[in-house]
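Below is one structure; the comments refer to it alone.
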Amino acid sequence: MRYEDFYRQSIEQPEQFWAEQARLIHWETPPQQILDQSRPPFRRWFVGGTTNLCYNAVDRHLAHRAEQLALVAISGETGFTREFTYRELHREVNVFAAVLQQLAVGKGDRVVIYLPNIAEAVFAMLACARIGAIHSVVFGGFAAHNLALRIDDAQPKLLIATDAGMRGGKVISYKPLVDAALAESRSPPPHVLIVDRELDPLMTHMAGRDLDYASLRAQCRGAEVAVTWLESNEPSYLLYTSGTTGNPKGIQRDVGGYAVAMALSIRTVFDIAPGQVMFSTSDIGWQVGHSYNVYAPLIGGATSLLYEGLPTRPDPGIWWELCEKYGVRTMFSSPTALRVLKKQDPAWLKKYDLSSLQWLFLAGEPLDEPTARWITEAIGVPVIDNYWQTETGWPAITLMPGLDLKSVKLGSPGLPAPGYKIKVIDENSGEEVAPQQKGVLVFEPPLPPGCLTTVWRDDERYVVSYFSSFKDLLYNSLDWAIRDEEGYIWILGRTDDVINVAGHRLGTREIEESVATHPAVAEAAVVGVHDELKGQLPIVFATLKQDAGDGAAAIALAMQQCVVNRLGAVAKPSRVYVVNALPKTRSGKLLRRLLQALAEQRDPGDLSVLDDPAALEEIRRALARGPQLGG
Ligand code: AMP
C-alpha cells in the first residue's frame, strides 16, 4: 500500500483505520467504541475492549512459535549470552509473576524496576503487565536522588534491583545507590527484590526488607499465573522523563492503544514480520528500550536482541558480529553510538557478513549528515532517522519501509507516522508557517494510540505542560521544526530548557538543583553546549556565597561530584565556570539561552531583556579566562 493512502486514511477516517489496526492484537473482549473524545485533550482508544500486554507479547505465540527464540540477552561486559524461546520466556515470566503475587503485588500496584539490560528486566516488565501491576523502569545510569524522586512519585509496592551492573569492564554497584535512594525516599516500598548477579561480593542485604530473587524463583518453579485482563485505557506503565522543572514527569501509558501502536509500527515502520530478528541497542530504561527491545518485537512474534555494555566491548565489531550470528534484519540505535563506532578501525565493519541486515534506524537526537553518510556507505543499507519522544511511545515522524519506503533525505526524519496530524506553527500567532519557515512542531488532537494518556496522578500537569501553549488544544512537542514543500520535517532543537546528551533527555533545572546542593554555591545556571560526539554536554555557570579565591577549582570539582552523586554520570557537567553574576531578566529569570549562545560563540541576539549588562561582560570574561573545571 502507498504511504500516502495509508496515512490519509489514518487522518480522514481515524476510527475505521484504527478499528482495522486493532485486529493486529488479541482482545479478550472487543472494543465497544474505537475513540472517545468527549473530554479533550484526554482521549480514550478502544473503549471497553479488554486485553493484556503480556498475553500479546508471550502467550499468544505459544501455539505457533513456542520453540522460536523470543529473547537473546547478550552482555558484552560479562561475556555471557542467554537465549530464551517463547516457551522459556513464558515460563520465566510466569515464575516472576508468581513471585510478585507472593509479595502481595497486584493490579494497579506500582513496581519500580532498577536493572540494567538483563533478561530479568524483561521478565519483570512482562510479569507486571501479566498481573496488571504498573511498572516504572528507572534507567540504571541514574543515581540515588533520581531514583528516590521516581519512587516518591510512583509510591511503589516493590523495588526490583540488582547487586551490580558493568560498564567498560568496571563493576558498578547498584545496591548502595538503592540503599541511599530508600534512605532519602518519603515512600520507600516494604521490599526490595534483588536479582543477584554475583558481580559485587560486598553486597549486603537489609534483613526483612531485601529479598533474594533466586530463592523466591526456586519456590515458585513451574507456577502458572492467570492473565489479568485490563480495560484498554487502564494504565500499563509509567516512564519518567525530564521537563523544565526539577521534578520529572511520570508519562503514563495505556494498554490497548499501546499494544496496537506496537503491533502496527513493528510491521510497517520497522519492517519486522513474525520470526524475524530485531536488535535495538537502547537501554531498557528509555522509551525505545520499552517499545523496541521489549513490547513491539515480542507482540510482533519476532526475536529481540538485548545488549548490555558498550558498542566497543569486547571489541568494536561486537554489534556487527551479533547481526551476522542471529541474522538481524532491523537494527535500531542512536547517532551517538554510531559516532563512537565511526572512530574505530573500519575493518571491524568488513569482518562480518551483514547480508541479513536490511535497515538501520536511528533516533533520540539529531542525526548529523556526516555520520548518516558514513554508516550508509559502510553497511550499504538505508539509514532511517526517526523522531519521537518519551511521550509519543513510538515514532511520530519517520519513513515506513515496512509499508512503502519514500526517499531518504539526510537530516530529516521524514514524514508523519499514521495518526499524527503534524503542523509547524508560528510561536506567537499559532498559525501554520510557510514551507521552509521555522516554527513549533505541534500535533492536532487526538493523539494517536500509543501516546501518553496523562501524567501520573497529575492530569493538570498533562494539560498545562502539553496542551495550553496554543489554541485548539494543540499538543506542543516543545521542538522547533521546518517542513519542506514535500512535507518532510526537519527538527531544529528544543524550545525549552531540556538538553539532549547522547540521546538522553536531561532537564537543566535538575542539574542546577544538584549543583546548588553544594553549600558554597549561591546560584547555578546549566546549559547544553554542542559536542561532536554526544550532541550536547551540560556546562555550569555558578556564583558562590563567598569569594573562594584559589579554592574555586576545588569547589567546581565538588559541584561536578554533587551532580554525579545525585543524578548519575549521565548528567556530569563537562565544564564549570565560577562567576560573579549570572545574566537575568528584570523579573529575575535566568537567561540560559544567552549563556548558551555565548558559550557556543554565537550571536546572543536580543539583549534588551537583560537586567544588568555587567553580567554579560562577566560571562564573556569567564569564557575568555576558561573554566575552573574541564576545558
Ligand atoms: P526523549 O523523550 O528522551 O526521547 O527525547 C525526546 C527529544 O529528543 C525530542 O523532543 C527531540 O528534541 C529529540 N529527538 C528525538 N528524536 C530526534 C530525531 N530523530 N531528530 C532530532 N531530535 C530528536
Quiz item: What is the distance in Å between the Cα centres of the stretch 348-414 and the stretch 61-90?
Solution: 26
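Among Glu460, Glu92, Glu444, which comes first, second and so on when ranked by fewest other beta-carbon atoms within 10 Å? Don't skip to the end; give the middle numbers.
Details: Glu460 10, Glu92 22, Glu444 14.
Sorted ascending by nearby Cβ count, the order is Glu460, Glu444, Glu92.
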Practice problem: Return the loop-located trypsin sites (Lys or Arg not before Pro) in the stretch 190-238 (DSSP other than H, G, I, E, B) with at most 15 other Cβ atoms within 10 Å of their own Cβ; answer none if there are none. | Solution: Arg209, Arg221
Self-check item: the stretch 417-456 versus the stretch 198-262: alpha-carbon centroid distance in Å
Solution: 31
Quiz item: Long-range amide H contacts for Gln33: which residues qualify at under 5 Å (H placed 1.01 Å from N, peptide plane, sequence gap of 5 or more or a different chain)?
Solution: Val47, Gly49
Quiz item: Cα to Cα, under 20 Å, and not fewer than 8 places away if on the same chain: which lysines meet these conditions relative to Lys545?
Solution: Lys584, Lys589
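If you add up the charges near Ala581, with Lys and Arg at +1 and Asp and Glu at -1, over every other residue whose beta carbon is less than 11 angstrom from its beta carbon, what do you get? Intermediate results must be reported in sequence, preceding the final value.
Values: positive: Lys584, Arg621; negative: Glu523, Asp611, Asp612, Glu617, Glu618.
So the environment of Ala581 carries a net charge of -3.
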Quiz item: For the stretch 1-124, how big is the tail of P(r) above 23 Å, as a whole percent of Cα pairs?
Solution: 54
Practice problem: With 27 Å as the limit, write out which pairs from Lys249/Lys343; Lys423/Lys534; Lys175/Lys572; Lys343/Lys572; Lys157/Lys249 have Cα-Cα distances beyond it, or answer none. | Solution: Lys249/Lys343; Lys423/Lys534
Exercise. For the chain, build the charge dipole from Cβ charges (+1 Lys, Arg; -1 Asp, Glu) around the Cα centre, then report which of Tyr237, Ser468, Ile318 sits farthest towards its positive end.
Key: Ile318
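Please report, in debye to the nearest 20, how large the charge dipole of the chain is about its Cα centre when each Lys and Arg carries +1 at its beta carbon and each Asp and Glu carries -1 there. Let's see the in-between values first.
Values: 62 positive and 74 negative charges, 120 e Å.
The calculated dipole for the chain is roughly 580 debye.
When the dipole is taken about the Cα centre of the stretch 277-380, and only Lys, Arg (+1) and Asp, Glu (-1) are charged at their Cβ, what size is it in debye, to the nearest 20?
Details: 9 positive and 11 negative charges, 21 e Å.
For the stretch 277-380, the charge dipole is close to 100 debye.
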Self-check item: MRE, 222 nm, helices only [DSSP H, n ≥ 4, -39500 (n - 2.57), over the chain, to nearest 500]
Solution: -8500 deg cm²/dmol
Quiz item: Once Lys and Arg get +1 and Asp and Glu get -1 on their Cβ, which of Gln102, Ala63, Pro445 lies farthest toward the positive end of the dipole of the chain?
Solution: Gln102
Quiz item: Using the eigenvalues of the Cα gyration tensor, what equivalent ellipsoid semi-axes result for the chain when each is taken as the square root of five times the eigenvalue, whole Å, largest first?
Solution: 37, 30, 25
Self-check item: trypsin sites (Lys or Arg not before Pro) restricted to DSSP loop in the stretch 1-110 with at most 13 other C-beta within 10 Å
Solution: Arg2, Lys107
Exercise. Report the antiparallel proportion of the DSSP beta bridges in the chain as a percent, rounded to a multiple of 5.
Key: 60
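Taking only the C-alpha atoms, wrap a convex hull around the stretch 104-215 and report its volume per residue in Å³ as a whole number. Don't skip to the end; give the middle numbers.
On the way: hull volume 10.9 nm³, N = 112.
Taking the convex hull of the Cα positions in the stretch 104-215, it is 97 Å³ per residue.
Bear in mind that the values in this text are calculations on the coordinates, not laboratory data. The shown structure was predicted, so the numbers you read here are calculated from the model rather than taken from an experiment. Counting neighbours? That spans all protein chains shown, and the Cβs are built from the backbone with ideal geometry, glycine included.
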